[in-house]
Number of protein chains: 6
Amino acid sequence: MLATLIELQRLKRLERTGWTLRGLPNGTESVASHSFGVCVTAMMLADEVKARGLEVNCERVLRMALLHDWAETRVGDMPKTATRYFAADARKSAEASAFADIVDGVGSAKSEYRELYKDYEERPSLEARLVKAADVIDLLVQAYALERSGARGLDEFWQVAQQPDFKLPQLADQVVNEVLQSLLRARSEIE
Amino acid sequence: MLATLIELQRLKRLERTGWTLRGLPNGTESVASHSFGVCVTAMMLADEVKARGLEVNCERVLRMALLHDWAETRVGDMPKTATRYFAADARKSAEASAFADIVDGVGSAKSEYRELYKDYEERPSLEARLVKAADVIDLLVQAYALERSGARGLDEFWQVAQQPDFKLPQLADQVVNEVLQSLLRARSEIE
Amino acid sequence: MLATLIELQRLKRLERTGWTLRGLPNGTESVASHSFGVCVTAMMLADEVKARGLEVNCERVLRMALLHDWAETRVGDMPKTATRYFAADARKSAEASAFADIVDGVGSAKSEYRELYKDYEERPSLEARLVKAADVIDLLVQAYALERSGARGLDEFWQVAQQPDFKLPQLADQVVNEVLQSLLRARSEIE
Amino acid sequence: MLATLIELQRLKRLERTGWTLRGLPNGTESVASHSFGVCVTAMMLADEVKARGLEVNCERVLRMALLHDWAETRVGDMPKTATRYFAADARKSAEASAFADIVDGVGSAKSEYRELYKDYEERPSLEARLVKAADVIDLLVQAYALERSGARGLDEFWQVAQQPDFKLPQLADQVVNEVLQSLLRARSEIE
Amino acid sequence: MLATLIELQRLKRLERTGWTLRGLPNGTESVASHSFGVCVTAMMLADEVKARGLEVNCERVLRMALLHDWAETRVGDMPKTATRYFAADARKSAEASAFADIVDGVGSAKSEYRELYKDYEERPSLEARLVKAADVIDLLVQAYALERSGARGLDEFWQVAQQPDFKLPQLADQVVNEVLQSLLRARSEIE
Amino acid sequence: MLATLIELQRLKRLERTGWTLRGLPNGTESVASHSFGVCVTAMMLADEVKARGLEVNCERVLRMALLHDWAETRVGDMPKTATRYFAADARKSAEASAFADIVDGVGSAKSEYRELYKDYEERPSLEARLVKAADVIDLLVQAYALERSGARGLDEFWQVAQQPDFKLPQLADQVVNEVLQSLLRARSEIE
């Protein structure tokens, strides 16, 4: 278990390249910090969806949010433009192999972690889709916080908020849209 | 919900003062990065403890690990020396009030979050104690990673590893001690 | 004396949390850098006040400005929101005790330092009030410099400049207001 | 031409992940800084090789050194471990396509740049091999400089210096080996 | 040669003071990163000028761009205001002596490097003038990239773009002006 | 007065090049932070010297310590090696002119500030010599703090501590030497 814990420390320092490549200073956001944000967002989304009557396995949501970026300790945080140059599957299968290796020393839980990772990557379940929505929302909340402090040039990140398509059941879709709408409203009030 | 998500973004930048005050460069570890590390460690500890036959509510473990440092957005990351100058209760009750305010806009889940926070602070449950152990282990894994890269002057952090007392049932205590022992071994092999 | 000098080195790295929590990058301003700014401002204010005919003990002004933030090596730079959660006196008395301990090894001057610290905290004297004005002016000059470089979202810092109340005698009040007015003018000319 | 110049600015901020993943602080070395170091080293190696009587096209050496990492603006600085998870060709062909796109707006010189990039990647020429040697030497000089300042845990980088195999003609090989030997000597004298 | 390579590593960390003094965060641009940008720009300018029919020694251009800032390892990156306080020649001759010392151990190429440095400083040749134009263009492309990300207060840098006078032959002047004009256009479209 | 305060903000960000050029990360120490350290050290030295019976004008000591590095906003923090390449007087007179310009808008106190600056630069007085000793001691305390955290390669800074010659009267010399001796002792106990 220790080897995995030591390796995952690296995510605390690894910068999210999306910000760096847009000219924001190093120290803006580490992969570990982003994962924390995704966990928080996913937990709140799941709790709200559940409160409105839809069945959600919150434990799965939390676990998936927590581990969805671990492969980056070995593969790095590839910028979005990279996907244009790798075959669609090349990146996914590279990350899946990296993930499998990272958790290899974890003990009996490792097959569960691999199964969760696969669920997140393929997203058949409500839980995986909620985590994906949380991934996007945390990105946008960070973009909003940066813009409020004076950052500019982040428009392209916001396109995803115009027509989100997370393939969620109606009730869950509504919760996600409420958050996105209030975020867009908050953004329009900057300055 | 959005106001809380925006506020918690702050933890992504807030430096852990323990490193700064010992001369390590800014960017060493944010509070959000540390929280991520505690979540990872807590999940693995809980899964291992469960695999050995003890009943653990892993969902509670994950939730508690995720939210245990949220109060720092309002109270800051007080250095350890600060506790010497505030009455023992002053800090705890300040953080509890701050936490209660932070989650005020969260909706129906807010009372659950407050209850989890209280459980963590008072630590009557196995789950809270496991999260505390994870909090210490993530600190030490970070210290180890820094020392391996050349950092010095961190001895005082390691004292806690000599005689850990997390008040855990034997089975769980054993898991925690195995991790601590292999960590001490890894440390002794540096250089 | 050396132990105190070593401990105060920590202020050179300790970030002012006010900027960090508003999304500005680490490295914006250390507590030591701010103390330097307060000393400079306090000296210039005191010299100008004196030139206009009011008696001021400039040496006391300089000493007080220099030592007013030393307690932060042990208590940290608590964010403004923290005061909402600690009893008004709790923070003051914690910082006073921390200060007393920090200068404990200084030799014969330590009682003078403690007396100066007390004067600053309680602010009965003209000198202490001038240092408080300098503390606020340096904050605003820093905010202005950041805004001129593109930072946004700092409006709340400027509220204090609208109706400053440093309880200064008329002549000193005038000097402070002239600086604040020209600062507000400079700010309105950004962009 | 301008679009390419703007895009290449990104390399000034992009951290070399090799250092980050080993716990060194952000700001250690940008990709652009490293490219500068490779250019300097390649020029000196080529000039020395030429002075000893071997024919070298120094202009080609300089051009190749300058552009060998441009693809990273789109693909990122993938950590070494990443190569384990992508098919050997996948990364090379992704980087080649990214490079081709980056220089697309450059005008008449773009086909020359693409040809130089291909030469570097396939390394049939003396010039390409010298640049590869310069790439490794700059990495090691940086590692040496970091170790001299206190960094530890960089041993694995030095393995390549034990048995370098750049497939250089004897005269060039000798120049490269002299530099590597004096570097190893300098390293052994640290502390 | 190694001593020179080690010394030039310093340029990878040395901040360009122009940005720091205008309130931009450390990490914005190192001297080495800027040198990389000047090399890239100079190569593209020279290639374009050559493609339009003017004879240019591209190898000289590349070498000069690469070494034009080496003296800063010993003299530092003096801010523009410094020139006001040193006699015009004092700085030039200090940098020339520093450069001469830096390359002292380089071997047979050192006299060529010194001659190139002299050419750049006195700028009699087309090549030196192109490198100077590249130096200014890289500065402005960096300024543009910063402004696009939200930086403000950089107007004074742009004055040089209004009436550039690099004393270039008409064909080369045209190439430089096309780049500057499209840069000014891009700037006017920010926000 | 405001223009001067705004200009001096720059010292909060300006890195001390001595550390940068030795491979320590940016953020290690700003010029303003160092000035703070010199003020603190100078005050404590002066108070101790006075307590032992020597007459010292502590106000002058504080003022001189505070303003001794202001010229760096315009001339930069020139590395030690730079002095080798500028005529001894060139740097001093450049800094003196820069200082005179910086305080030009300060009002009636400006001639006093210029006189203090001259005293510090020429060092005829006990006060100026104490500030110089404080300048060196703060440098060494910072070096000690860095070494305790793992930094290496700083030996050359310590040479000055072997045979300090501040031309102080015996009583003051003794105080300074006691601090230096205990600092050397503390250093020898690292690790």
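The values are calculated or read from the model by the stated rules, or taken from the named source; none is laboratory data. From a predicted model like this one, the values you see are computed outputs, not experimental measurements. Neighbour counts are summed over all protein chains in view; Cβ atoms, including those assigned to glycine, are modelled from backbone coordinates with ideal geometry. Side chains included, ligands, DNA and RNA excluded: accessible areas come from the protein's heavy atoms. Shrake-Rupley method; radii C 1.70, N 1.55, O 1.52, S 1.80 Å.
Couple of notes before you dig in:
- Screening the candidates F:A109, F:A100 for the property of being modelled with pLDDT of 95 or more and within 11 Å of chain E (Cβ to nearest Cβ) yields one hit, F:A100.
- C:M64 vs. criteria without any contact (Cβ under 8 Å) to a residue 12 or more places away in the chain, within 16 Å of C:D138 (Cβ to Cβ) and of a type in the set (A, V, I, L, M): no
- When residues of segment E:172-184 are limited to those that are within 9 Å of chain D (Cβ to nearest Cβ) and free of Cβ contacts under 8 Å to residues at least 12 places away in the same chain, the one least open to solvent (accessible area, probe 1.4 Å): E:S182
- Conditions (1) over 29 Å from F:A109 (Cα atoms); (2) acidic (D, E); (3) buried (at least 24 other Cβ atoms within 10 Å of the Cβ): number failed by C:E7: (3)
Matching residues to (1) touching a helix residue (DSSP H, G or I) at 6+ places or on another chain (Cβ under 8 Å); (2) crowded, with 17+ Cβ neighbours inside 10 Å:
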site	(1), (2)
C:A128	yes, yes
C:V131	yes, yes
C:Q159	no, no
C:P169	yes, no
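- Members of segment E:133-157 that are within 14 Å of chain A (Cβ to nearest Cβ), open to solvent by 20 Å² or more (accessible area, probe 1.4 Å) and either in a loop (DSSP other than H, G, I, E, B) or at pLDDT below 95 (or both): E:R152, E:G153
- Top-ranked residue of segment B:40-52 - restricted to ones that are under 17 Å from B:S125 (Cβ atoms) and open to solvent by less than 10 Å² (accessible area, probe 1.4 Å), ranked as nearest to the chain's Cα centre (by Cα): B:A42
- Residue in segment C:53-65 that is over 17 Å from the mean Cα position of the chain (by Cα) and either farther than 30 Å from F:R52 by Cα or within 7 Å of another protein chain (Cβ to nearest Cβ) (or both) present: yes
- When segment E:116-163 is limited to residues that are of a type in the set (G, A, S) and in contact (Cβ under 8 Å) with a residue 40 or more places away in the chain, the one that is farthest from E:L21 (Cα to Cα) turns out to be E:S125.
- Flag if C:E15 is out of contact with any Phe, Trp or Tyr (no Cβ under 6 Å at 6 or more places or on another chain) and within 14 Å of chain A (Cβ to nearest Cβ): yes
- Scan of segment E:105-126 for residues that are of a type in the set (S, T, Y) and either assigned to a loop (DSSP other than H, G, I, E, B) or surrounded by fewer than 20 Cβ atoms within 10 Å (Cβ to Cβ) (or both), ordered by number: E:S108, E:S111, E:S125
- Segment D:11-20, residues that are more than 15 Å from B:G150 (Cβ to Cβ) and touching a residue at least 60 places away in the same chain (Cβ under 8 Å): D:L11, D:L14, D:E15, D:R16, D:T17, D:G18
- Selection within segment E:53-100: residues that are of a type in the set (K, R) and closer than 30 Å to D:A109 by Cβ. The member of this set that is most open to solvent (accessible area, probe 1.4 Å) is E:R60.
- Considering segment A:84-96, the residues that are assigned to a helix (DSSP H, G or I) and touching a helix residue (DSSP H, G or I) at 6+ places or on another chain (Cβ under 7 Å) include one that is farthest from the other protein chains (Cβ to nearest Cβ), namely A:K92.
- Within segment F:22-51, residues that are within 14 Å of chain D (Cβ to nearest Cβ) and free of Cβ contacts under 8 Å to residues at least 60 places away in the same chain have Cβ atoms under 8 Å from residues that are open to solvent by 10 Å² or more (accessible area, probe 1.4 Å) and not in a loop (DSSP other than H, G, I, E, B) in these pairs: F:N26/E:E15; F:N26/F:E15; F:G27/F:E15, counting only partners at least 6 apart in sequence or on another chain.
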